[in-house]
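One structure below.
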Amino acid sequence: MNDHSPLNMDPSEFKRIGHQLVDQIASFLEELPSKKVTSALRPGEVQQLLGFNALPEYGSDAESILTTSAQLLFDHSLFNGHPRFWGYITSSATPIGVLSELLAASVNPNVGAFILSPMATEIERQTVQWLAEMIGYTPTCGGLFVSGGNMANLVGFLAARRHIVQQDIRKIGLADALNGKRGFTLYCAQGTHTWINKAADLFGHGTDAIRWIELTDKEQIDVTKLEDTIESDLKMGYVPFLVVGNAGSVGTGVIDPLQELAAICKKYNLWFHVDGAYGAPAAALPELAASFKGLSLADSIALDPHKWLYAPLEAGCILVRDAKHLHDAFTFNPDYYNFDGDLTDKPVNFHEYGMQNSRGFRALKVWTALRQAGRSGYISMIRKDIELARYLAERIASTPRLELVTVNLSIVSFRFIPEVLPLENKEKYLNTLNEKILNRLQTGGQVFISNAVVKGRYCLRMCIVNFRTTQSDLDVLVRVVLEEGDKLLHSQPLEN
Ligand SMILES: *Cc1c(COP(=O)(O)O)cnc(C)c1O
């Protein structure tokens with residue numbers, strides 16, 4: 001061991017500083033509920049706090065670096081682990097996940113190849129299988145961990161294209177694979193997450209290749225319009241290859257009619273991908289079986305453990321019915337790899353199944369949490385989030401000046417509607433008013449929510465993927481929305 005390396009730490013120093021850091025983290029977690037959700041600083045203010053120092057020429061003491069770093073973060077962050085954080089779809093992180101990250105970084109396996117990460121590779125494989133079991137997907141599926149829902153969906157997209165397109169598109173490229181046809185096309189509901197724009201752009205199709213299918217009055221994809229669009233594309237010489245269904249849409253948590261989508265895909269020989277980044281874990285709840293019917297028929301499913309499985313960022317996962325489809329879509333075998341040696345049971349080398357080469361051990365924090373809570377523990381946490389969302393929806397529905405707009409899974413959208421409204425441009429007035437309320441809520445620090453636009457109506461929207469939330473936290477939300485709405489009304493005359 002080189003005692004003179006500036007980054008070395010002897011074991012006693014590691015213990016002392018490590019214990020101090022764990023103590024600080026434990027107090028931080030304990031004090032979370034009494035802290036503001038966010039200090040809502042502006043970039044300039046944060047830069048000021050950080051100081052405008054240049055890269056240090058010489059190093060300094062590890063203990064003070066860690067103590068001050070912890071303090072900076074604990075004092076000036078937004079805390080998605082706070083019981084009143086319900087913005088976008090970001091969960092409260094599990095404590096066991098926090099500790100698992102420390103453990104994963106300590107062993108630091110490169111989960112790109114089995115030989116570089118024997119235990120980690122098999123833990124990742126087992127975690128993928130458990131996630132499939134949890135949501136009722138075939139446990140013999142393939143899959144792997146990625147950074148999040150975007151990446152999981154992108155991997156599914158490429159697996160779909162490689163499988164459905166007859167020619168070797170990976171070798172000859174998009175233009176030749178088209179063989180004189182007009183273009184490859186893909187289908188999803190309006191409001192599908194922007195990963196699909198990124199995929200169509202990045203992978204050379206252009207965003208015009210996306211057919212945004214209209215919604216029914218239940219906000220689900222209109223399957224009749226979907227089929228009509230596929231038919232007309234076929235007549236015009238396009239090559240449809242992919243249908244995406246939402247299992248919990250990002251805006252309002254709607255689940256598309258998955259079984260009907262699966263039937264259409266079967267009829268036209270298209271790949272059926274389900275974006276369950278947010279909602280898929282709720283398929284574990286027996287009482288939701290009817291809503292998720294057809295999920296098990298998907299060719300691939302994206303699921304984000306850093307959302308409803310409460311894993312610390314980052315953890316996304318893609319499940320594919322047959323691991324072969326991932327292998328077909330990604331493998332290259334360079335001559336500088338010697339990963340298989342003379343092993344008789346052929347190992348899984350994850351670099352052949354996705355976009356990354358060197359890979360971190362994202363699965364550990366998910367595996368440990370699944371073991372700590374078990375299936376039944378997860379079912380009761382997810383069920384509780386849904387029950388809390390319904391409780392809030394009832395409170396909103398029975399509160400004057402609040403209008404309930406949607407409630408699906410654990411996402412609720414609603415509006416503040418004053419008793420007196422302008423005579424003209426009512427909707428425009430309400431949109432502006434609710435946007436102003438949201439801006440105040442997001443900087444006030446009492447609660448944190450985000451927004452959704454439902455049929456042109458600007459809504460306040462909250463999503464509970466938070467095992468720390470209680471009913472009284474939701475009572476605070478109702479009170480704060482009314483207070484901010486009333487304050488805005490009194491400080492400003494009605495504008496048209
Ligand atoms: C969050 C989300 C995504 C994107 O996932 P990231 O983890 O943020 O990359 C995609 N689709 C849906 C339905 C989502 O909720």
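The values are calculated or read from the model by the stated rules, or taken from the named source; none is laboratory data. Here the structure is a predicted model, which means the values were calculated and not measured. Cβ placement follows ideal geometry from the backbone for every residue including glycine, while neighbour counts extend to all protein chains displayed.
Tabulated values for the structure
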| item | result |
| --- | --- |
| Number of positions in the range 192-203 that are within 10 Å of the ligand (Cβ to nearest atom) and either modelled with pLDDT under 95 or outside any helix (DSSP H, G or I) (or both) | 3 |
| Condition met for ARG182 (farther than 26 Å from PHE292 by Cβ, modelled with pLDDT of 95 or more, away from the ligand (no atom under 16 Å from the Cβ) and in contact with a Lys or Arg (Cβ under 9 Å, 6 or more places away or on another chain)) | no |
| Filter result (touching a residue at least 60 places away in the same chain (Cβ under 8 Å) and either within 16 Å of the ligand (Cβ to nearest atom) or closer than 27 Å to ALA105 by Cβ (or both)) within the range 320-340 | LEU326, PHE330, TYR337, PHE339 |
| Some residue of the range 301-319 being away from the ligand (no atom under 16 Å from the Cβ) and in a loop (DSSP other than H, G, I, E, B) | no |
| Count - residues of the range 149-179 that are away from the ligand (no atom under 16 Å from the Cβ), β-branched (Val, Ile, Thr) and in contact with a strand residue (DSSP E or B) (Cβ under 7 Å, 6 or more places away or on another chain) | 2 |
| The range 401-456, residues that are of a type in the set (Ser, Thr, Tyr), part of a strand (DSSP E or B) and closer than 27 Å to ALA40 by Cα | SER413, SER450 |
| All positions within the range 207-246 that are within 16 Å of the ligand (Cβ to nearest atom) and over 21 Å from ARG161 (Cβ atoms) | LEU215, GLU219, GLN220 |
| LEU460 being surrounded by 15 or more Cβ atoms within 10 Å (Cβ to Cβ), out of contact with any strand residue (DSSP E or B) (no Cβ under 6 Å at 6 or more places or on another chain) and touching a residue at least 40 places away in the same chain (Cβ under 8 Å) | no |
| Pairs, first farther than 12 Å from ILE301 by Cβ in the range 147-165, second among the charged types (D, E, K, R) and more than 16 Å from the ligand (Cβ to nearest atom), C-beta under 6 Å, six or more apart | ARG162/ASP328 |
| Members of the range 457-468 that are under 30 Å from ILE379 (Cα atoms) and part of a strand (DSSP E or B) | CYS459, LEU460, ARG461, MET462, CYS463 |
| Condition broken by HIS490, with the remaining ones in (1) assigned to a helix (DSSP H, G or I); (2) modelled with pLDDT of 95 or more satisfied | (2) |
| The range 166-188, residues that are surrounded by 14 or more Cβ atoms within 10 Å (Cβ to Cβ) and within 18 Å of GLY206 (Cβ to Cβ) | ILE169, LEU174, ALA177, LEU178, GLY183, PHE184, THR185, LEU186, TYR187, CYS188 |
| Odd one out for SER291 among (1) assigned to a loop (DSSP other than H, G, I, E, B); (2) buried (at least 24 other Cβ atoms within 10 Å of the Cβ) | (2) |
| Test: ASP217 is over 18 Å from ARG321 (Cα atoms), in a helix (DSSP H, G or I) and out of contact with any Leu (no Cβ under 9 Å at 6 or more places or on another chain) | no |
| Filtered residue count, the range 43-88, keeping only those that are within 16 Å of the ligand (Cβ to nearest atom) and of a type in the set (Lys, Arg) | 0 |
| Search result, residues across the range 429-442 that are more than 23 Å from THR90 (Cβ to Cβ) and within 31 Å of the chain's Cα centre (by Cα) | LEU430, ASN431, THR432, LEU433, LYS436 |
| Complete set of residues in the range 253-286 that are over 14 Å from ILE213 (Cβ atoms), part of a loop (DSSP other than H, G, I, E, B) and either more than 11 Å from the ligand (Cβ to nearest atom) or more than 21 Å from the chain's Cα centre (by Cα) (or both) | ASN269, LEU285 |
| Matching residues in the range 58-96 - criterion: being closer than 21 Å to GLU30 by Cα, without any contact (Cβ under 8 Å) to a residue 60 or more places away in the chain and hydroxyl-bearing (Ser, Thr, Tyr) | THR67, THR68, SER69, SER77 |
| Helices (runs of 4 or more DSSP H) lying entirely in the range 1-96 (those with 2 or more residues that are surrounded by 15 or more Cβ atoms within 10 Å (Cβ to Cβ)) | 11-31, 62-75 |
| Criterion violated by PHE414 - all others in (1) touching a helix residue (DSSP H, G or I) at 6+ places or on another chain (Cβ under 7 Å); (2) more than 15 Å from GLY87 (Cα to Cα); (3) not acidic (Asp, Glu) satisfied | (2) |
| Filter result for SER106 (outside any helix (DSSP H, G or I) and farther than 19 Å from SER147 by Cβ) | no |
| Index of the failed condition, GLU314 passing every other in (1) within 29 Å of PHE203 (Cβ to Cβ); (2) out of contact with any Ser or Thr (no Cβ under 7 Å at 6 or more places or on another chain); (3) in contact (Cβ under 8 Å) with a residue 12 or more places away in the chain | (2) |
| Filter result for the condition that a residue is surrounded by fewer than 22 Cβ atoms within 10 Å (Cβ to Cβ), under 25 Å from the mean Cα position of the chain (by Cα) and β-branched (Val, Ile, Thr), over VAL420, VAL412, VAL454 | VAL454 |
| Out of THR138, THR127, sole residue that is more than 16 Å from the ligand (Cβ to nearest atom), surrounded by 22 or more Cβ atoms within 10 Å (Cβ to Cβ) and farther than 22 Å from VAL254 by Cβ | THR127 |
